[in-house]
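First the structure, in the form of structure tokens, and then the observations on it.
Derivation of every value follows stated rules applied to the coordinates shown; laboratory data play no part. The structure displayed is predicted, hence computed values, not measured ones. FYI the Cβ positions are ideal-geometry reconstructions off the backbone, even for glycines, and counts take in every protein chain you see.
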Amino acid sequence: LWDSVTGTSIGDKIKGHTDRVECLAFSPDGTRIVSGSEDRTLRLWDGTTGASIGIPMKGHTNSVPCVGFSPDGTRVVSGSLDSTIRLWNPSSCTQLAIINTGD
């Protein structure tokens, strides 16, 4: 994680996913980051320190190349190569809904 103003590293290298990170998104207020990975999970991170927040969000059965926060930061959405879009509560790291997009 890098400070965009100073160009300096913030904290240690972020570790947590067991496979390549495919995507990430900052929360609207910049305090959290969500990442999606080829390990089929989403993870939350502190946007200023890079520390892991909560537990991995599991449910996808294939790579997660697309994640984002809702405009108010209370929800996370993920898109996966398993042909689903999933809605998550980032406070509890729980899945709220699944949309099957087909093949």
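Points worth noting:
- Two-site FRET efficiency, residue 6 against residue 92, from Cβ-Cβ distance with R₀ of 35 Å, rounded to 0.05: 0.55
- Annotation for the chain: trypsin sites (Lys or Arg not before Pro) lying in DSSP loop with at most 10 further Cβ atoms inside 10 Å of their Cβ are 13, 15, 20.
- Among 41, 49, 84, the residue with the largest mean-square fluctuation in a Gaussian network model of the chain, with springs joining Cα atoms closer than 10 Å, is 49.
- Histogrammed with a bin width of 10 Å, the alpha carbon distances of the chain distribute as 16, 50, 28, 6, 0 percent, first bin at zero.
- Alpha carbon centroid spacing (whole Å) that separates region 65-81 from region 19-60: 10
- Net charge of the neighbourhood of residue 24, taken over other residues with C-beta under 11 Å away and scored Lys/Arg +1, Asp/Glu -1, is +1.
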